[in-house]
Structures are given as structure tokens and as C-alpha cells.
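A.B. asks: Take a look at the following structure, please.
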Amino acid sequence: MAVPELKKRRDPLKQYLGSEIKGLIFAELSEEFCIGAGMGFMIGVPVPFSPEDLAKTQSEGGVDISRLSDNMALVCGADPAFKYRDAYLEFLEKFFERGKLTQVLLSRAYERLEKRAYRRACVYSRAALLLAGEERDALFAYACCCREWYLSLEGDDEQELIAAVKAEANLYFEFTTDADEDFAPAWYYLGYAYLNQGSYKKAELAWERFLRLSADGTAGPGEGEGGSAPGDAAGASGSASGSARSEAVAEIRERLESLIDPVRIEEGIALLASGRLEEGVTVLEPYQDTRFDGWWPLHYHLAQAYEQLGRPDLTIEQYERTAQLDPSNTEVYDALARLYAAAGDADKADKYLNKVRLIRENK
């Protein structure tokens, strides 16, 4: 999977990161300063100062390059499509070696992450991505920052924000595995991403990859490479202690054990989707006598399969069970009304049509 340039792709987080640069004041550097510093490309380009930086610059008659660089990085990270982005990046690369600057930005991202300043952490990691967009450490850092951010929001009402940040985390963990397929920490988190999406087979494959890499000693980067995430990420990183790594391995083995049935159910549903109805039903039917009997999609998929196989009694039975478990599912009530009408039971058909009407009116 090709990693899209951050500055060219649709940016789902820009609207949530503007607060990180809200207090900056933009002013142009003098033409004399730009020419003297060999930066003709900065003439006429407004640059970001904090109020304190601007006051100090005016009183002391000099520019603090490190502070100005940090502000430029923040602006670029908050808005990768910023009008003067290219001039800012050229400025940064004039004063700092690209590789070292990237590591500084990643360090700042992780420092902010430790302090639970999630938006600022994301901004710094996005600035690093602009400089090193296809490098594993930058991709992984951004994914980790997004992951910690959305986890901190769970229980809040900001569902659109949570969805956007979670999607970014999942996407960039995938990009990380593309950049370095032997980087175990990314597979560790990618397994959880797939699990949360209900993609059990993908989660199984990701975690099996994590375990293989952990077993052959390629569990992650060495000390000082900057690839490990803070907090619980350390357990999956090669720079973590042996005991922490062992705990992560034990945890994933337990997770894989719990995935055996969900993976099998997912395979059964896939058989139905491919038209292999009898095979799919054979896989799914036994799960009605297990803890999965309370999972409404199991009965919903069986109902659809039975209907295609021409078994109306079983179809109605499974739709009825689905309705018990998911009482606001209007699609199921529509199906029951249709089936009862076809069976000549007008009362029950009207009953379910009325349920559909009431639900839709309440919505």
C-alpha cells in the first residue's frame, strides 16, 4: 500500500488541530535579515511568532531560530496544506539536518504524549511526516499519537472526532507494516485495530505475525531508534525489557485463543456471501448453542441464508430472534412483515409494519 503524501491527501484531522496554533502571530522577517541569512526564499513570507517570541525579537533585535523553527513545525503539522508550508520546510532544512530534525520532532511528539497533550503530540508527529513521510518511525509515531488520543476520548460525546482519529491510527499502523514488515509493534497494534473493526481473520493474521517476529528476535527497534511508543506500547517494542515483551507475547497468545470462534463465524459469513449457502449454514448453525447465541448478526445472517434456500419457517424464526436481540432494527421488521404477509398472516404483518413506523417516527 503506497503511503500518500500528508500534504496532498484529504486531511480528516485538520479541523481538530487548529487550536494548537491559535495564539501565533504572523509577521514578515526583514528583507535585510533574509538576504543576510541566505534566505531569499523567505522574503515576503509571514512567519509564526508567539506573543512572547515577537516581543523578545523586537526588544533584542534578533530572531530565535530554534523557537521560530518550532513554531513553523507546529503550523505545518496542524495544517500540512498551509500556503507557506514549502517555504517553512525549506527554512527548517536550511538550519537543521533533516534526519536529526525528524528525530527531534518525534521526541517532542512522544514527550507530549507522555503528558497527555494528544493534539500537540499529533501535530509534532505530522510535522515529522512532512519531512520523512515514508519512514517507519514517523509513520508509527503518528499512528501511536492518534491511538492514544482516541482512547482518551472514549466515553465522550465527540463521536465524529473519535471516528476520524481512530481511522487515522488504523491506517497509519498499516502504513507502518508496509514500510517495515518486520516491525513487530505495528503488528501488535494493527491486530487490535482489526479486532475493533470486527475483522477477526485480519486480527488473527496480524497477531500471528507479531508472535513470529517476537520468537525470532525481531520484535522491534533497538535502543535509541525512537520507534517505540510510550505507555503500553513499550510491551510490544524491541526496546522494551524482556519481561515486558514476554507479557505482550502472553497477552497476544491469549487473544488468539479467544479469536478461534469469531474467526470461524467470520469464515461462515464469508461462505454465505460467496453463495456457498449450505456450507455457510453448516458452519454457523452450531453457534446457536454457544455464548454467541446472543449476537444478533449470527441470527440475521442465518435468516438471510434460510430465505435464499427456501426455508420460510426457519427464516421467520431467525428474524424473530434477531428482532429480540436488536429491537430497533427496522430492516428486520420489514422482512418479518413481508414474510408474514406472504404466509397470509395479516395481523402479524401489520404488527411489524407498525413497529417500523413507530421507530422511524421516534428517530
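Every number in this text was worked out from the coordinates using simple rules, so none of it is lab data. Quantities reported herein were computed from a predicted structural model and do not represent experimental measurements. Cβ sites come from the backbone with ideal geometry, for glycine too, and all protein chains shown count toward neighbours.
A.B. asks: Binning at 20 Å from 0, report for the chain what percent of all alpha-carbon pair distances ends up in each bin.
C.D. replies: Result, from short to long distances: 24, 41, 26, 9, 1 percent.
A.B. asks: Sort Leu113, Leu277 by Cβ crowding within 10 Å, fewest neighbours at the top.
C.D. replies: Neighbour counts put them in this order, fewest first: Leu277, Leu113.
A.B. asks: Give the aspartates and glutamates whose C-alpha is closer than 13 Å to that of Lys115, dropping any in the same chain fewer than 8 places away, or say none.
C.D. replies: Reachable aspartates and glutamates: Glu148.
A.B. asks: Another one. Hey, which of these cross-link pairs are over 21 Å Cα-Cα: Lys166/Lys363; Lys22/Lys56; Lys8/Lys94; Lys22/Lys94?
C.D. replies: Lys166/Lys363; Lys8/Lys94; Lys22/Lys94
A.B. asks: Let me ask you something else. Relative contact order of the range 107-168: what whole-number percent is it, with Cα pairs under 8 angstrom and at least 6 residues apart?
C.D. replies: Once divided by the residue count of the range 107-168, the mean separation gives 29 percent.
A.B. asks: Ok, one more. Using the crude model of +1 on Lys and Arg Cβ and -1 on Asp and Glu Cβ, and no other charge, please compute the dipole size for the range 281-343 relative to its Cα centre, in debye to 20.
C.D. replies: 40
A.B. asks: Then there's this: What are the radius of gyration and Dmax of the range 261-362, computed over its Cα atoms and given in Å?
C.D. replies: Using the Cα atoms of the range 261-362, the pair Rg, Dmax is 14.1, 40 Å.
A.B. asks: Just rank Ser199, Ser243, fewest to most, by other beta-carbon atoms within 10 angstrom.
C.D. replies: Ser243, Ser199
A.B. asks: Continuing with the same structure: Each label point is 7 Å from the Cα along the Cα-to-Cβ direction; what then is the distance between the points at Ser107 and Ala270, in nm?
C.D. replies: Modelled inter-label distance: 4.5 nm.
A.B. asks: Rounded to the nearest Å, what's the spacing between the alpha carbon centres of the range 160-200 and the range 44-75? Just the number, please.
C.D. replies: Here the answer is 37 Å between Cα centres.
A.B. asks: Same structure, new question: What does the extension gain come out to for Leu309 and Glu279, with contour length at 0.36 nm per residue minus their alpha carbon separation?
C.D. replies: 9.6 nm is the gain from fully extending Leu309 to Glu279.
A.B. asks: Can you give the log10 of the normalised intensity I(q)/I(0) at q = 0.17, 0.24 Å⁻¹, computed with Debye over equal Cα scatterers of the range 88-189?
C.D. replies: These q points yield log10 I(q)/I(0) values of -0.75, -1.23.
A.B. asks: Report the charge-dipole magnitude of the chain in Debye, nearest 20, computed about the Cα centre from +1 at each Lys and Arg Cβ and -1 at each Asp and Glu Cβ.
C.D. replies: Here the size comes out at about 620 debye.
A.B. asks: Starting at 0 and stepping by 5 Å, how many percent of the alpha carbon pairs of the range 1-136 end up in each bin?
C.D. replies: 2, 10, 20, 23, 21, 14, 7, 3, 1, 0, 0
A.B. asks: Still on this model: Quote the Stokes-Einstein diffusion coefficient, in whole µm² s⁻¹, for the range 15-82, based on the Kirkwood radius over alpha carbon pairs, a temperature of 4 °C and a viscosity of 1.567 mPa s.
C.D. replies: For these conditions, the coefficient is 103 µm²/s.
A.B. asks: So if each residue of separation counts as 0.36 nm, and I subtract the Cα-Cα distance between Glu331 and Ile25, what length gain in nm does that give?
C.D. replies: Contour length minus Cα-Cα distance gives 104.8 nm.
A.B. asks: Next question. Run lengths n ≥ 4 of DSSP H only: what is the helix-derived mean residue ellipticity at 222 nm for the chain, with -39500 (n - 2.57) per run over all residues, to the nearest 500?
C.D. replies: -21000 deg cm²/dmol
A.B. asks: Moving to a separate point now. Just name one of Ala55, Ala117, Leu68: the one whose Cα is farthest towards the positive end of the charge dipole of the range 29-172 (beta-carbon charges, Lys/Arg +1, Asp/Glu -1).
C.D. replies: Towards the positive end, the residue furthest out is Ala117.
A.B. asks: Report the FRET efficiency, 1/(1 + (r/R0)^6), for Glu251 and Glu32, where r is their Cβ-Cβ distance and R0 is 51 Å, rounded to 0.05.
C.D. replies: Given R0 = 51 Å and the Cβ-Cβ separation, E is 0.25.
A.B. asks: On to the next question. So how long is each side of the range 283-322 along the principal axes, counting just the alpha-carbon atoms, biggest first, in Å?
C.D. replies: For the range 283-322, the Cα spread along each principal axis is 27, 20, 13 Å.
A.B. asks: I've got another one for you. Taking 0.36 nm per intervening residue step and subtracting the Cα-Cα distance, what contour gain separates Ser152 from Arg360 on full extension?
C.D. replies: Result for the pair: 71.5 nm of gain on full extension.
A.B. asks: If amide H atoms are built 1.01 Å from N in the plane of the peptide, which residues on other chains or at least 5 residues away come under 5 Å of the amide H of Phe49?
C.D. replies: Here the answer is Ile25, Phe26, Ala27, since their amide H atoms fall under 5 Å of that of Phe49.
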